[in-house]
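Reading through the structure tokens given below for one structure.
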Amino acid sequence: MITAQSQPALSRGVKLRFDQAREAWVLLAPERMFALDQPSTEILKLVDGERTVEAISDDLAARFNAPRDVILADVVTFLEDLRQKGAVRS
Amino acid sequence: MTPAPPLALLAELTHRCPLKCPYCSNPLELERASAELSTDDWKRVLSEAAELGVLQVHFSGGEPMARRDLVQLVRHAASVDLYSNLITSGVMLTEAALAELVEAGVDHIQLSFQDAEVESAERLGGLRGAQQKKLDAARFIRAAGLPLTTNFVIHRQNVDRLEQMIALAEQLGSARMEVAHTQYYGWGLLNRDALLPTREQLERSTAVVEAARVRLGASMVIDYVVPDYYAARPKACMSGWGRRFMNISPAGKALPCHAAETLPNLTFPSVREQSLRQIWNSSEAFETFRGTSWMPDPCRTCDLREVDWGGCRCQALALTGDARRADPVCERSPDRHAITAALGSARDNAAWAPRQPRTPA
């Protein structure tokens with residue numbers, strides 16, 4: 001489970017990449033890909049296996065001037081969904 | 001209007017393969033080595049694919065490791081920023097060969113198994129000693145730190161051992177497992193009577209997968225492909241004709257799916273003569289069944305026409321004789337009786353033919 005204290009990382013073989021043709025970021029995984037909107041992209045850019053979910057949320061809340069508890073809940077939901085799909089590990 | 005670019009390229013490097021699986025999706029007329037694209041042709045295709053907007057390449061076959069230039073092609077794919085998947089039987093995957101592929105930048109390997117039980121696996125694949133080579137290959141892949149997908153094609157002859165297959169996939173450390181019921185094209189269609197499972201087998205396999213998913217959670221993700229003959233609605237074959245995928249045959253034909261060469265009255269362009277962009281955007285072959293305007297009834301007015309895109313053209317051809325008809329799997333198709341007949345004709349003692357070149361070399 002992803003919690004506020006998790007230090008999430010991309011799973012092996014998963015890459016965050018800018019897709020020139022579609023002018024958007026995309027997460028590439030074994031035989032799969034996930035198209036990303038801007039908020040998802042901003043979260044994944046901070047996923048490095050070191051930062052905690054809390055730290056990621058603090059960073060986003062400060063930069064986007066948004067309520068931290070709302071951001072934290074969104075980050076947990078988004079990363080837990082990717083974890084269940086095998087793209088992120090906690 | 002220019003269509004959205006493809007997301008993935010299926011590079012069928014060769015039809016050569018040491019295995020003889022009776023469900024192989026390759027066409028019955030296997031391409032000879034002398035007709036295959038050159039290394040430079042493939043490098044150009046990979047560059048053009050990346051330029052066009054393709055994000056992933058699947059190196060497949062036949063056995064892609066039968067191509068001596070595979071490492072060069074993987075390196076080239078990495079150099080143009082394509083994510084590379086290697087789809088292999090593993091019987092040629094030595095530790096040294098794997099080290100070269102890793103150094104060249106392969107991102108992920110899908111390793112196929114014919115069964116969990118050695119004798120059955122080697123009878124199906126037609127190669128003695130294959131199972132141990134696959135088990136070794138899985139170990140090398142994991143030791144190299146690459147993500148491993150294990151793939152099991154299931155059918156009437158092996159589906160009753162699905163639990164053992166899942167246990168094997170877990171034991172090998174697969175992050176992902178594909179459990180794919182056979183699809184009936186190419187050799188699979190030829191051997192359909194021996195391969196189609198019973199309804200009880202299908203229902204049991206679905207229950208086994210569901211239970212395993214609950215037990216395993218994210219520790220091993222299982223992708224499950226059902227045999228569409230038992231479905232009420234057709235699959236969205238290739239996510240729709242000319243929408244996501246482009247398949248290149250060993251001889252360089254650009255196809256919307258790997259079975260498309262069976263379709264009559266369609267000429268598939270060669271990557272030797274045209275760029276991928278020209279082929280994708282404006283070839284007749286890719287335009288013919290793209291979107292919904294080609295559809296006859298009942299698809300034309302169906303509320304699901306942009307969900308399943310009319311199902312599979314090759315299946316419509318194979319079972320009704322007309323590629324333009326609705327996929328006969330659909331319960332709204334007037335040809336559903338063709339599916340009913342196939343289900344009635346499958347049996348335990350049906351003979352099957354191993355995949356092999358049909359024309360003398």
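Quick note: the coordinates plus some simple rules give every number you see, no bench work behind them. Note that the structure is predicted; figures quoted are calculated from it, not measured. Here the Cβ is made from the backbone with ideal geometry for all residues, glycine too, and neighbour counts use every protein chain on show.
General remarks:
- Potential extension, B:Val225-B:Glu273 segment - 0.36 nm per residue separation minus Cα distance: 13.7 nm
- When the pairs A:Lys85/B:Lys43; A:Lys45/B:Lys43; B:Lys20/B:Lys134; B:Lys20/B:Lys133; A:Lys45/A:Lys85 are compared against a 23 Å limit on Cα-Cα distance, A:Lys85/B:Lys43; A:Lys45/B:Lys43 fall above it.
- Going from the fewest other Cβ atoms within 10 Å to the most, the residues B:Tyr224, B:Tyr185, B:Tyr83 appear in the order B:Tyr224, B:Tyr185, B:Tyr83.
- Sparsely packed loop sites in the range B:269-361 (the GluC sites (Glu not before Pro) outside DSSP H, G, I, E and B with at most 14 other Cβ atoms within 10 Å) comprise B:Glu273, B:Glu331.
- Sequence-distant residues sharing a close amide H with B:Ile109 (under 5 Å, placed H): B:Leu86, B:Thr149
- Look at the stretch A:77-87: the mean tally of other chain Cβ atoms within 10 Å of its residues' Cβ atoms is 2.
- Rounded to 5, percent antiparallel among DSSP beta bridges of chain B: 10 percent
- Amide H within-cut-off set for B:Val221, under 5 Å, with H built and near neighbours excluded: B:Arg176, B:Met177
- Shape of the protein assembly as shown, Cα gyration tensor, a/c cut at 1.5: rounded
- Of all beta bridges that DSSP places with both ends in the protein assembly as shown, some 30 percent have antiparallel geometry.
- Taking the fewest neighbouring Cβ atoms within 10 Å as the starting point, the ordered list for B:Met220, B:Met238, B:Met295, B:Met1 is B:Met1, B:Met295, B:Met220, B:Met238.
- Look at where the Cα atoms of the range B:96-164 and of the range B:308-339 average out, and the two centres are 33 Å apart.
- Euclidean distance of C-alpha centroids, the range B:47-63 and the range B:184-234, integer Å: 27 Å
- Candidates B:Gly240, B:Gly291, B:Gly145, ranked by Gaussian network fluctuation over chain B, Cα under 10 Å, top entry: B:Gly145
- Whole-number percent relative contact order across chain A, with pairs defined as alpha carbons under 8 Å at least 6 apart: 38 percent
- For trypsin sites (Lys or Arg not before Pro), the sites in the range B:275-361 that DSSP calls loop and that have at most 13 other Cβ atoms within 10 Å are B:Arg300, B:Arg347, B:Arg358.
- Residue order, fewest to most beta carbons within 10 Å, for B:Thr301, A:Thr3: B:Thr301, A:Thr3
- Exposed-site-free run, longest, chain A (rule: GluC sites (Glu not before Pro); DSSP loop; at most 10 other C-beta within 10 Å): A:51-90
- Contour minus Cα-Cα distance for B:Ser79 and B:Glu284 (0.36 nm per residue): 70.7 nm
- Estimated FRET transfer efficiency (B:Gln132, B:Asp322; beta-carbon r; R0 35 Å; 0.05): 0.15
- For chain A: rounded, prolate or oblate by the Cα gyration tensor [a/c cutoff 1.5]: oblate
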